[in-house]
Amino acid sequence: MRTEGGAVYAVGDRVRIKDLGKPGHVRTPLYVREKTGVIDSYVGQFENPEERAYGRVGREHIPLYRVRLKQRDLWPDYAGPERDTLVLEIYDHWLERAAPPETQT
Amino acid sequence: MTHDHDHDHDHDHDHDHDHHHDHGHPHAHPHPTREDDDLELTYGEAKFIALRAMLIEKGVVTADEVRRRLEINDRAGPHQGARMVARAWLDPDYKARMLGDGKKAAIELGIQVTEAEVMAIENTPDVHNLVVCTLCSCYPRSLLGEPPAWYVSKAYRSRAVREPRKVLREFGLEFPANVEVRVHDSNADLRYMILPLRPAGTEGMTEEELAALVSRDCLVGAALPGPMPG
């Protein structure tokens with residue numbers, strides 16, 4: 001169940017998705033690790049599925065964001081238009097603040 | 001987990017009879033009957049039956065609770081999501097509530113929602129949305145029923161994020177370059193449904209008529225609403 005509050009990043013903030021190399025029931029797919037996007041929205045706080053999956057329930061709730069990435073940043077050879085994007089849910093501990101882009105688009 | 005099998009499996013499974021010729025007929029004429037499909041338990045069915053028996057024996061659940069939950073599962077289906085879409089097309093206030101909290105909006109229409117969170121995503125003239133779950137097969141089953149085979153296939157799960165326009169073309173959808181294709185990977189705690197654009201020429205249609213235009217695939221972004229064939 002979701003709890004409110006707890007947002008660290010604001011909508012539009014640039015973030016980089018880390019590669020924590022963590023085994024087990026992690027919800028950060030390989031294809032977005034070490035990629036940079038922006039905060040699309042804040043979802044709220046949830047129990048960490050990386051703990052819950054192993055029966056460790058009732059622990060602290062952690063912030064969950066929807067992060068939006070440009071397809072061309074995900075796949076350098078992406079064949080579609082520059083405007084195409086992908087959004088997915090990333091937990092706070094997989095995120096770090098990213099520098100502004102070198103060239104504004 | 002899917003439990004879309006017939007759950008009436010509590011009979012004794014002695015398999016020493018011949019499954020295919022035990023009709024009690026001395027002659028062999030062609031029967032238009034359907035082959036029984038419950039003669040052999042699958043691994044999943046056997047596991048479900050064993051687990052249910054243990055949970056009932058230990059008093060964790062009752063047989064009636066399990067039955068009720070299976071009934072809820074069977075009431076689910078894309079007609080539920082379609083009802084929400086039709087209501088949203090007719091009622092801007094409902095649409096706003098639905099985009100704010102998809103679960104509450106479903107409950108408002110009397111739908112039993114078993115998911116913790118449902119997010120409705122709106123297609124616009126500028127953005128077409130497509131849903132995928134790359135890590136498994138997350139799907140808002142209360143509102144859409146069981147996912148189609150293609151949705152849980154590895155091909156769709158890997159290609160929808162890698163070459164979404166090519167995948168959409170295979171579904172018969174082509175968008176110009178000035179429309180953003182936005183893929184939503186259902187990778188964590190939310191379950192997604194798409195609110196499609198209302199088709200032109202549907203002014204004056206009733207809520208029921210509108211709902212009939214919204215197929216299952218529209219609700220994940222793999223199709224656009226329109227008259228069903230046939």
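The values are calculated or read from the model by the stated rules, or taken from the named source; none is laboratory data. It should be emphasised that the depicted structure is a prediction, and the values quoted were computed from it without experimental measurement. Note: ideal-geometry Cβ built from the backbone for every residue, glycine included; neighbour counts use all protein chains shown. With ligands, DNA and RNA removed, areas are computed over all heavy atoms of the protein, side chains included. Shrake-Rupley method; radii C 1.70, N 1.55, O 1.52, S 1.80 Å.
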Helices (runs of 4 or more DSSP H) wholly inside the stretch B:49-118 that include at least 2 residues being in contact (Cβ under 8 Å) with a residue 40 or more places away in the chain: B:63-75, B:78-90, B:92-100
Restricting the stretch B:183-209 to residues that are more than 17 Å from A:P29 (Cα to Cα) and within 14 Å of another protein chain (Cβ to nearest Cβ), the residue that is surrounded by the most Cβ atoms within 10 Å (Cβ to Cβ): B:Y192
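Does B:E170 qualify as being within 10 Å of chain A (Cβ to nearest Cβ) and either more than 26 Å from A:T28 (Cβ to Cβ) or open to solvent by 50 Å² or more (accessible area, probe 1.4 Å) (or both)?
On the way: within 10 Å of chain A (Cβ to nearest Cβ): no; either more than 26 Å from A:T28 (Cβ to Cβ) or open to solvent by 50 Å² or more (accessible area, probe 1.4 Å) (or both): yes.
Judged against the criteria, B:E170 is not a match.
So that you can scan it fast, the table gives a plain yes or no per residue for (1) outside any loop (DSSP other than H, G, I, E, B); (2) surrounded by 12 or more Cβ atoms within 10 Å (Cβ to Cβ):
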{"site": "A:A7", "(1), (2)": "no, yes"}
{"site": "A:R16", "(1), (2)": "yes, yes"}
{"site": "A:K22", "(1), (2)": "no, yes"}
{"site": "A:T28", "(1), (2)": "no, yes"}
{"site": "A:G44", "(1), (2)": "yes, yes"}
{"site": "A:Y54", "(1), (2)": "no, no"}
{"site": "A:P76", "(1), (2)": "no, no"}
{"site": "A:A79", "(1), (2)": "no, yes"}
{"site": "A:L88", "(1), (2)": "yes, yes"}
Hits in the stretch A:58-73 - residues which are surrounded by fewer than 19 Cβ atoms within 10 Å (Cβ to Cβ) and in a helix (DSSP H, G or I): A:R72, A:D73
Output for the stretch A:69-92, where each listed residue is more than 8 Å from chain B (Cβ to nearest Cβ) and under 9 Å from the mean Cα position of the chain (by Cα): A:D92
Test: residue in the stretch A:20-34 that is without any contact (Cβ under 8 Å) to a residue 24 or more places away in the chain and more than 26 Å from A:K70 (Cα to Cα): yes
Scan of the stretch B:106-122 for residues that are away from chain A (no Cβ under 14 Å) and open to solvent by less than 40 Å² (accessible area, probe 1.4 Å), ordered by number: B:A106, B:L109, B:I111
